[in-house]
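The values are calculated or read from the model by the stated rules, or taken from the named source; none is laboratory data. Quantities reported herein were computed from a predicted structural model and do not represent experimental measurements. Cβ atoms come from the backbone with ideal geometry, glycine included; neighbour counts cover every protein chain shown.
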């Protein structure tokens with residue numbers, strides 16, 4: 001049973017956030033030169049045109065299209081951003097976005113994973129970048145949003161091989177050389193930690209590797225060792241690309257480079273010592289697994305202890321290269337979980353990443369369990385405080401934050417307004433408390449082909465009618481709200497109602513599915 005003191009503490013956090021988020025404006029945050037508000041997409045989810053103009057398959061193409069419940073045909077087109085980018089950039093400008101986060105498709109730019117650059121791919125990204133720049137929208141570019149070229153996966157196992165370090169660095173170098181005169185914010189990998197757990201332990205995302213008794217119906221893999229090998233190689237690839245940027249490009253392009261992690265707000269399930277320690281352990285595995293090498297040059301002690309010989313070891317040179325190989329850290333944040341100690345998993349003869357953590361997660365608002373994420377901004381505040389206290393308060397961008405709703409909700413997404421408003425209010429509290437946050441990006445700008453839900457669910461500020469041949473865009477209530485906030489009008493707790501009253505009349509009937 002939870003103690004009275006635990007609930008009082010939690011309730012106090014909630015009350016503080018509710019009152020602070022009730023009335024604020026864009027001007028309560030630092031100016032755009034110091035803190036930006038934007039929205040994001042990713043190449044595979046946004047561009048479509050999956051086999052046009054020389055693009056070759058990524059591991060997401062291979063994973064998604066054979067699976068019926070992901071509606072593969074719609075995935076091939078998505079919202080057709082490849083052809084409609086000018087229209088979409090104009091929507092961004094009309095909305096008032098200060099920044100836009102997007103990713104480059106490695107297999108569109110370099111179809112063979114290495115070697116010749118695809119002229120059509122180069123042309124597309126130059127056009128997109130120029131269009132954004134002409135509208136004064138700050139660019140935040142991700143080099144790998146989990147969409148490794150399938151050819152490299154087939155050739156040598158992708159991130160399981162040290163060969164990936166050289167190939168990723170060369171790909172990053174092409175991007176720095178071709179686009180770095182206009183792109184000032186580079187992110188190497190999206191959700192590096194969860195990409196590894198999903199793809200190499202549970203097998204629920206590409207490259208769909210796992211092994212019994214862990215994971216789900218994988219044809220190959222080793223859940224006990226491969227997650228740690230792939231994570232190690234991603235850290236080395238990130239460090240190599242960052243070193244190239246800092247040595248060759250940063251002084252003349254004046255940009256910044258970082259890496260992105262998925263975060264969950266962890267809280268102890270009870271105030272028992274075991275649950276408090278388990279919560280520290282969960283943070284060490286989920287965050288410290290990557291953040292510790294980036295800040296201190298090695299893995300957390302508890303990770304080394306629990307994983308043992310299955311954990312790769314940094315050489316002295318590798319440690320020096322990984323340490324401080326970032327200018328900022330990007331965070332994706334949606335959910336909060338409560339942590340209960342589970343020491344019995346450490347007694348298993350064969351363990352995976354989750355068994356090594358030795359905790360039970362009691363999840364609040366997990367996308368696989370509910371249609372909508374609950375509004376729990378105190379989880380984000382806790383994550384930011386964790387980085388401030390444990391990693392020297394590095395510059396942080398909230399790269400993704402948003403609410404999943406059924407696609408059938410259409411335009412009247414008042415719950416999404418409450419979600420975004422609540423989290424921006426929580427972020428404002430954190431900034432006022434000294435957190436070194438530099439930006440906030442709603443996920444997502446448009447309704448996209450969601451990686452684990454196809455077109456069953458949506459996150460977008462703008463509704464995309466996937467059944468319309470022109471995939472038309474329609475502003476949701478959340479787009480109206482966010483635009484109003486960005487244009488520095490006061491936002492109050494009844495903002496969703498006010499926006500809904502002013503909503504232009506667009507029929508919902510043809511938007512329901």
### Query
Considering only residues of the stretch 398-411 that are outside any helix (DSSP H, G or I), modelled with pLDDT under 95 and over 19 Å from the mean Cα position of the chain (by Cα), which is surrounded by the fewest Cβ atoms within 10 Å (Cβ to Cβ)?
406
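Do the conditions hold for residue 466, that is, is it assigned to a loop (DSSP other than H, G, I, E, B), at pLDDT below 90 and closer than 25 Å to residue 379 by Cα? I'd like the intermediate steps shown before the answer.
Values: assigned to a loop (DSSP other than H, G, I, E, B): yes; at pLDDT below 90: yes; closer than 25 Å to residue 379 by Cα: no.
Criteria not met by residue 466.
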### Message
Is it the case, given these coordinates, that residue 358 is crowded, with 18+ Cβ neighbours inside 10 Å, at pLDDT 95 or above and at positive phi?
### Response
yes
### Message
Pairs please, first residue from the stretch 143-160 and in contact (Cβ under 8 Å) with a residue 12 or more places away in the chain, second anywhere and surrounded by fewer than 24 Cβ atoms within 10 Å (Cβ to Cβ) and part of a strand (DSSP E or B), Cβ atoms under 6 Å, 6+ apart in sequence or on different chains.
### Response
145/103
### Task
Consider residue 209 carefully, then state whether it is part of a loop (DSSP other than H, G, I, E, B) and surrounded by 19 or more Cβ atoms within 10 Å (Cβ to Cβ).
yes
### Message
Criterion first (farther than 22 Å from residue 253 by Cα, buried (at least 20 other Cβ atoms within 10 Å of the Cβ) and at pLDDT 95 or above) does residue 108 satisfy it?
### Response
yes
### Query
Which of (1) over 20 Å from residue 103 (Cβ atoms); (2) in contact (Cβ under 8 Å) with a residue 60 or more places away in the chain is the odd one out, the single condition residue 445 does not satisfy?
(1)
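Is there a residue in the stretch 141-149 that is assigned to a helix (DSSP H, G or I), within 21 Å of the chain's Cα centre (by Cα) and closer than 18 Å to residue 43 by Cβ?
No, the stretch 141-149 has no match at all.
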### Residues being surrounded by 17 or more Cβ atoms within 10 Å (Cβ to Cβ) and out of contact with any helix residue (DSSP H, G or I) (no Cβ under 6 Å at 6 or more places or on another chain) - total across the stretch 304-324
3
### Query
In the list 64, 51, which residue meets the criterion of being at pLDDT below 95 and either more than 23 Å from the chain's Cα centre (by Cα) or at positive phi (or both)?
51
### Query
Among (1) under 24 Å from residue 383 (Cβ atoms); (2) within 20 Å of the chain's Cα centre (by Cα); (3) modelled with pLDDT under 80, where does residue 482 come up short?
(3)
#### Entry: Candidate set: the stretch 367-376, residues that are within 17 Å of the chain's Cα centre (by Cα) and buried (at least 16 other Cβ atoms within 10 Å of the Cβ); chosen: the one modelled with the lowest pLDDT
367
### Message
Going residue by residue through the stretch 416-439, is there one that turns out to be modelled with pLDDT of 95 or more, in a loop (DSSP other than H, G, I, E, B) and touching a strand residue (DSSP E or B) at 6+ places or on another chain (Cβ under 9 Å)?
### Response
yes
### Task
State whether the residues of the stretch 161-172 include one that is surrounded by fewer than 16 Cβ atoms within 10 Å (Cβ to Cβ), assigned to a loop (DSSP other than H, G, I, E, B) and more than 21 Å from the chain's Cα centre (by Cα).
yes
### Message
Quick check on this structure: which one of 200, 228 is under 19 Å from the mean Cα position of the chain (by Cα), over 30 Å from residue 91 (Cβ atoms) and either part of a loop (DSSP other than H, G, I, E, B) or at pLDDT 95 or above (or both)?
### Response
200
## Note on the structure
Note on the stretch 122-140: residues within 22 Å of the chain's Cα centre (by Cα) and in a helix (DSSP H, G or I) are 125, 128, 129, 132
